[in-house]
Amino acid sequence: MLFAIKERDIASDADRIDLSARAQELRRRGEAARRKDGAVARQCYEEAVVFFREINEPLVLAHIIRHLGDVYREQGCSDSAEPCYHQALELYRSHADGSSLDFANAVRSLAVLRWEQTRVLWESVRDLYTILNIEAGIKESTARVAALSTR
């Protein structure tokens with residue numbers, strides 16, 4: 001009986017090593033494709049997330065999830081990006097001291113997304129006020145869009 005448990009543990013370790021190697025390869029492919037082919041990067045990151053969840057590497061998982069969120073945002077899928085950022089931040093808060101560069105980058109990614117969403121909202125409000133010919137609203141929304149458009 002003891003021998004059977006050890007064999008199972010060995011098989012489990014071998015499976016974990018194989019999953020880890022596959023996950024790392026997908027991560028590398030995602031990073032390489034990131035600036036050239038967003039669709040490939042997205043697919044690689046989505047698959048890597050599945051593997052990293054399985055092998056229980058929470059900080060690496062958080063890093064990959066943040067990058068997946070960035071790819072979603074870059075592809076205009078903010079509804080998919082935002083949950084990624086929240087998941088990454090939750091993992092960093094649970095498993096790190098909260099002052100790492102990766103944590104800061106995850107906060108930054110969420111802030112960029114929110115900034116973009118805010119700018120779009122103010123542009124929409126400006127358009128509505130323009131249609132309604134509400135001068136105070138046009139003035140305020142134009143000023144806010146301008147403030148958000150300068151970096």
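Values computed for the structure shown
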{"read-out": "Debye, to nearest 20: dipole size of the chain, +1 on Lys, Arg Cβ, -1 on Asp, Glu Cβ", "value": "460"}
{"read-out": "Positive-end residue, the chain charge dipole about Cα centroid, Cβ charges, pick of L26, Q87, A146", "value": "A146"}
{"read-out": "Sorted by Cβ neighbour density within 10 Å, fewest at the top, the residues L61, L132, L19", "value": "L132, L19, L61"}
{"read-out": "More than 20 Å apart - percent of Cα-Cα pairs taken over the stretch 2-149", "value": "60"}
{"read-out": "Sequence of K139, K36 once ranked by neighbouring C-beta atoms within 10 Å, starting from the fewest", "value": "K36, K139"}
{"read-out": "Residue order, fewest to most surrounding Cβ atoms within 10 angstrom, among S100, S12", "value": "S12, S100"}
{"read-out": "Kirkwood Rh (inverse of mean 1/r, distinct Cα pairs), the stretch 18-97, angstrom", "value": "12.3"}
{"read-out": "Listed residue (W122, A41, A106) projecting farthest to the positive dipole end of the stretch 2-149, Cβ model", "value": "W122"}
{"read-out": "Alpha-carbon gyration tensor eigenvalues x 5, square-rooted, for the stretch 102-151, Å", "value": "28, 10, 6"}
{"read-out": "Pairwise label distance in nanometres, D15 with A96, each label 7 Å out on the Cα-Cβ vector", "value": "3.0"}
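We did not get these values from a lab; they are worked out from the coordinates using the rules stated. Please read these numbers as outputs of a predicted model, since none were measured by experiment. Note that each Cβ is placed from the backbone with ideal geometry, even for glycine, and that neighbours are counted across all protein chains shown.
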